[in-house]
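The structure appears right after this line, and notes come after that.
The values are calculated or read from the model by the stated rules, or taken from the named source; none is laboratory data. Please read these numbers as outputs of a predicted model, since none were measured by experiment. Here the Cβ positions follow ideal geometry from the backbone for every residue, glycine too, while neighbour counts run over all protein chains shown. These area figures cover heavy atoms from the full protein model, side chains too; ligands, DNA and RNA do not enter into them. Shrake-Rupley method; radii C 1.70, N 1.55, O 1.52, S 1.80 Å.
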Amino acid sequence: MLLGISLLFFCSIFSCGQEPSTNSTALHAVEGVLDLSQVKFDGDTIVQLTGDFEWYWNQALYPKDFIDQVKIRSKTFASLPEFWSSSGQLSPYGYGTYRLTIKLPETSTKNAVYGLKTSEVLTATRLYIDGKLADATGTFSQNESDGKPGYAPDVVYFSADSNQIELVLQVSNYHYIKAGVWQSYSFGSSTAISKMRHFSIQLDLFLTGCLAIMFIYHLGLYLLRPKDSSALWFALFCIVVFLRIMVTGDNLAAQWIPGFDWELARKLEFLPLNIGSLFFVLFMRSLFRDETHPLMFRLYVIAACIFGAIVVMLPARYSGTMIGVMQVLVCIGSLWVLSIIIRAILHKREGARQILLGFSVLFLTVANDILYANMMIKSAYIMPIGFFIFILFQAFILAAKFSSSFKSAESLSIQLRDTNTSLRRFVPSEFLDFLNKSSILDVRLGDQVQKEMAILFSDIRSFTSMSEKMSPTENFNFLNSYLKRVGPVIRKHHGFIDKYIGDGFMALFPKSIDHAVAAAVEIQEKVVVYNQHRKNSNYSAVKIGIGVHSGHLMLGTIGEEDRMDTTVISDTVNLASRMEGLTKVYGNGVIMPEALVLQLQNPNHYNWRRLDIVRVRGRTEPMALVQIFDGLADFEFAQLKQLRPSWEEAVSLYRRGEMHQALAIFRSIKDHVPNDPATELFIVRTSTYAKNGLPEGWDGIEDWNN
């Protein structure tokens with residue numbers, strides 16, 4: 001049944017993003033000419049460039065050389081795709097030139113755009129189309145010292161100047177046991193070739209994504225339960241196959257990492273034949289240890305390690321000579337694994353039947369890839385697809401294996417999750433994180449930690465008079481209606497509410513003071529919108545005060561064993577609370593120290609004005625305060641922003657003791673903003689000082705003793 005689901009799954013993939021079909025007529029080049037004059041190049045037609053190509057061994061010919069014919073020494077024909085060393089008459093190490101003439105339909109126009117999808121050619125190429133260099137991989141050379149291998153399949157788009165196209169392909173090889181055109185090039189309209197390339201890449205991405213996910217999943221299973229080594233071996237097998245797909249086919253590694261080393265790519269390509277098969281054998285042994293013959297297992301491990309060392313230590317030129325032996329080893333290992341599974345079925349091992357079905361598909365695809373790699377059949381690399389189907393069976397087995405234990409664990413987990421969710425409503429999870437506690441069950445009286453954080457205090461102005469006009473139910477409904485707008489803003493800016501204090505709250509921001517200021521401004525904006533809703537319902541507007549500070553805090557638990565609570569202790573907390581209280585004096589907005597504003601990543605992002613310089617009780621150093629008025633109602637914000645230059649000038653005059661000039665400006669500001677408490681405060685001060693003179697020792701610093 002699962003096999004049927006797998007096949008249906010892949011059918012759905014191919015039906016949704018089907019690769020463009022090739023021309024149904026068998027078209028092959030004859031004596032270097034491929035006649036496509038009768039082919040209609042619509043959106044789906046693709047022709048594989050196969051057949052007899054002109055072949056010039058040990059001749060590096062350019063398109064111009066076929067015009068004057070001077071450098072051409074001899075011409076033969078090669079039936080592509082094939083390795084030029086297959087016949088045994090030519091050395092795999094050397095160079096040569098292929099040439100193909102393509103006849104296009106008479107109806108072709110110069111505006112027609114064609115595409116050519118290149119494929120793997122061993123091991124360095126230069127491709128010319130109608131005399132122009134169109135593509136190159138590696139470094140083509142006539143001598144071994146200058147040659148450099150490369151593999152980067154690409155798509156070339158071009159327009160034909162006539163009804164005939166000339167392809168000249170220079171190929172050199174000094175780095176691999178086989179040389180020549182391994183896979184045929186694909187030719188068609190630009191639309192068809194583009195579809196083909198996109199489909200091929202999407203399939204590779206899909207398969208690599210599945211393998212990566214399964215690697216992470218099984219590695220996670222092993223880390224969580226190291227006693228079960230099968231998950232580890234399966235994860236390692238997944239990553240080996242993942243790496244092979246990355247360096248074969250469309251070579252995603254070279255697309256993502258330009259200049260990806262060819263030698264490294266070949267090592268990653270060969271690894272599944274030895275190290276990959278070793279991981280798979282270890283996986284099967286961990287599942288069916290009693291069915292695995294110890295001697296056979298040791299011999300296979302030794303052989304796989306030897307070949308793996310050869311691949312890792314030697315260049316591909318030498319390790320490639322062992323590919324045939326490695327492929328035989330894989331076939332022998334596959335038959336041995338098949339016998340293990342059959343014995344497991346006879347012994348009625350759990351999951352053995354499902355593994356047999358999945359392994360059968362994988363074995364057939366591996367056999368196909370080996371035959372295809374040796375050009376014994378014409379198909380394609382499909383082992384990753386077979387492995388994906390095997391993964392589906394493995395996932396099914398794992399699900400069945402852990403199902404019973406998961407059921408009980410799931411029930412307990414749900415109960416614990418619900419409990420923790422309820423507890424987080426009373427004790428923030430961030431608080432537990434700071435105390436390095438994974439659960440509230442681990443918290444003990446006296447647990448504490450010191451952190452540097454920003455603190456935001458907020459309170460509703462005149463709440464007492466408002467609450468007297470409401471019933472207890474209305475009071476709670478009002479507060480919850482207001483606070484449900486505020487809470488998400490705090491979390492959005494990476495903070496959390498530590499505690500609610502009547503109609504106010506205290507929020508902590510562990511990452512940055514910028515987060516606290518951004519949250520404070522957005523809270524002001526939310527209140528403006530909230531007041532509009534209240535106005536529509538004939539309710540009075542809400543005014544709030546916000547104070548922000550930052551510094552070192554002590555977070556911990558206080559109380560006694562049978563009743564304790566979390567708290568924050570610090571002078572910074574007191575300062576933030578007092579700044580919130582000063583909004584009653586200076587008016588709406590966010591009040592905080594000027595020094596902290598200047599520490600923001602971009603202080604000019606906010607609109608603010610200087611207030612007083614104050615001396616706090618218990619501190620000798622004075623503190624300059626500012627008021628951020630972003631987030632206030634549009635009219636109020638516009639007035640304060642427009643009059644900010646005048647305000648700053650008046651405050652500067654005030655601090656210098658020039659009270660008459662300051663008073664004149666403050667009165668001018670009041671004419672425009674009659675309801676600004678800060679302006680009223682400074683008018684009272686400056687008028688008093690202008691009339692009575694400055695007190696002895698006056699330095700512009702106000703004592704803040706509240």
If N is the residue count of segment 312-390, its Cα Rg over 2.2 N^0.38 Å rounds to 1.30
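So if R0 is 30 Å, what FRET efficiency would ASN477 and GLU525 give, r being the distance between their Cβ atoms, rounded to the nearest 0.05?
Working: r = 23 Å, r/R0 = 0.75.
The formula returns an efficiency of 0.85 here.
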Two pseudo-spin positions, 7 Å from Cα along C-beta at CYS331 and at GLU468, lie apart in nanometres by 9.9
Between the Cα axis of helix 277-287 and the main Cα principal axis of the chain, the angle (0 to 90°, nearest 10) is 70
Of all DSSP beta bridges with both partners in segment 521-669, the antiparallel percent, nearest 5, is 90
Longest principal axis of the chain (C-alpha) makes with the long axis of helix 472-492 (C-alpha) an angle, in degrees to the nearest 10, of 50
Under the Karplus relation with 6.51, -1.76 and 1.60 and θ = phi - 60°, whole-Hz ³J(HN,Hα) for segment 329-346, x at Gly and Pro, equal 4, 5, 5, 5, x, 5, 5, 5, 4, 4, 5, 4, 5, 4, 5, 5, 5, 4
When every protein chain stays in place and a 1.4 Å probe is rolled, ARG656, ARG343 sorted by accessible area with the largest first are ARG656, ARG343
In whole percent, the fraction of accessible protein surface over the chain that belongs to carbon or sulfur atoms, probe radius 1.4 Å, stands at 56
Expressed per residue, the solvent accessible area of the chain in Å² (1.4 Å probe) is about 49
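Viscosity 1.567 mPa s, temperature 4 °C: what is the translational diffusion coefficient of segment 574-679 from Stokes-Einstein with a Kirkwood Rh over Cα pairs, rounded to a whole number of µm²/s? Write out the running numbers ahead of the final one.
On the way: Rh = 14.5 Å.
Once the numbers are plugged in, D ends up at 89 µm²/s.
Rg/Rh for segment 76-174: what does it come to with C-alpha atoms and Rh from Kirkwood?
1.01
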Counting only protein heavy atoms and leaving out ligands, DNA and RNA, the solvent-accessible surface of HIS28 at a 1.4 Å probe, in Å² to the nearest 10, equals 100
Rounded to the nearest 10 degrees, the helix 383-424 long axis (Cα) sits at an angle to the longest Cα principal axis of the chain of 20
Within segment 616-651, the residues whose backbone N lies under 16 Å from a label point placed 7 Å from the Cα of GLN532 along the Cα-to-Cβ direction are 631-638
In whole percent, the Cα-Cα distances of segment 197-351 spread across 10 Å bins from 0 upward as 11, 33, 36, 17, 3, 0
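When DSSP beta bridges are limited to those with both residues in the chain, what percentage is antiparallel, rounded to the nearest 5? Before the final figure, lay out the partial values.
Values: 88 of 99 bridges.
Of all bridge pairs located within the chain, approximately 90 percent are antiparallel.
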Expressed in µm² per second, the diffusion coefficient of segment 637-706 from the Stokes-Einstein equation, with Rh the Kirkwood radius over alpha carbon pairs, at 10 °C and 1.306 mPa s, is 127
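Hey, what number do you get for the chain at 222 nm if only DSSP H runs of n ≥ 4 count, each worth -39500 (n - 2.57), divided across all residues, to the nearest 500? Numbers along the way, then the final one.
Details: 23 runs with 337 residues, N = 706.
So the helix-based figure for the chain works out to -15500 deg cm²/dmol.
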Of the candidate values (1) 3, 15, 24, 23, 15, 10, 7, 3, 1, 0; (2) 3, 12, 20, 24, 21, 13, 5, 2, 0, 0; (3) 2, 11, 15, 13, 10, 11, 12, 12, 8, 4, 1, 0, the one computed for P(r) over Cα pairs in 10 Å bins from 0, in percent from this structure is (3)
SER652 and ILE382 label points (each 7 Å along its Cα→Cβ direction) are spaced in nm at 8.2
Between ASP571 and ASP228, the FRET efficiency computed from the C-beta separation at R0 = 51 Å comes out, to the nearest 0.05, as 0.40
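Calculate, for LYS75 and LEU299, the FRET efficiency according to 1/(1 + (r/R0)^6) with r their C-beta to C-beta distance and R0 51 Å; round to the nearest 0.05.
Working: r = 52 Å, r/R0 = 1.01.
E(calc), rounded to 0.05, equals 0.50.
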Too long for a 19 Å Cα-Cα cut-off, among LYS451/LYS499; LYS484/LYS543; LYS492/LYS526; LYS227/LYS348, are LYS227/LYS348
Karplus ³J(HN,Hα) for segment 80-97 (6.51 cos²θ - 1.76 cosθ + 1.60, θ = phi - 60°; Hz, whole; x = Gly/Pro) runs 9, x, 6, 8, 5, 8, 4, 6, x, 8, 10, 6, x, 9, x, 8, x, 10
